[in-house]
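Read the figures in this text as sums done on the coordinates, not as results from a lab. Bear in mind that the values here come from a model prediction, so they are computed numbers and not experimental data. Heads up, the Cβs are rebuilt from the backbone with ideal geometry, glycines too, and the neighbour counts pull from every protein chain shown.
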Amino acid sequence: MGRTITLAKHLSREELKTRYQNSSDRVESRRWHLLWLVSQQWYLLDAAESVGMSYSYARKVVHAYNREGSEAIRNGRQGRQMISRALLNAVQQEELDQALQEPPEDGGIWNGPKVAQWIAKRTGRQKVHPQRGWDYLQRLNYSGQRPRPSHAKGDAEAQAAFKKTCRNELSN
């Protein structure tokens, strides 16, 4: 069926269960859960599948625990938060909000790439990724809605006459 793997006696089965149940970090909790199941003589393949890990990753977790003890289970990514790297300060953001009230220089409507170009010019950066422009549009509560296109050969008078006749028919 599978291979059993032995755990080093760093912690007892009950201590492994307690750490699994009391862990507030999801990554660490899954690792403790895996170790607890392995300590109950589960096959590593079954234990890994049960906690949602690949077999190779589960094997690495068990080997790291056997070598280093409970320190190996710690989530190394914990505490590394993304630092906000705002491209615009509050004044520049207010200027962007004012600029969005008018049509862009090249016409059309504002979108992520156009806002990114505006930010690049204003801040002196060589390039601002279009996604950052879209992020600022969302931050300023602008949506991705755009006006419905009109046909180039459309006749405005015929459309208005059609609307009038449709309204009259609906009201009757």
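Quick notes on this structure:
- Lysine pairs in the chain with Cα atoms under 18 Å, if 8 or more residues apart or on separate chains: 4
- Restricting the stretch 3-97 to GluC sites (Glu not before Pro) that sit in a DSSP loop and have at most 11 other Cβ atoms within 10 Å of their own Cβ leaves nothing.
- For the chain, the relative contact order works out to 14 percent when only alpha carbon pairs closer than 8 Å and six or more residues apart are counted.
- Cα-only radius of gyration and Dmax that characterise the chain, units Å: 30.2, 87
- Relative to the Cα centre, the charge distribution of the stretch 55-159, modelled as +1 at Lys and Arg Cβ and -1 at Asp and Glu Cβ, gives a dipole magnitude of about 880 debye.
- Simple label model, 7 Å out from Cα along Cβ direction - Arg77 to Ser24, nm: 1.9 nm
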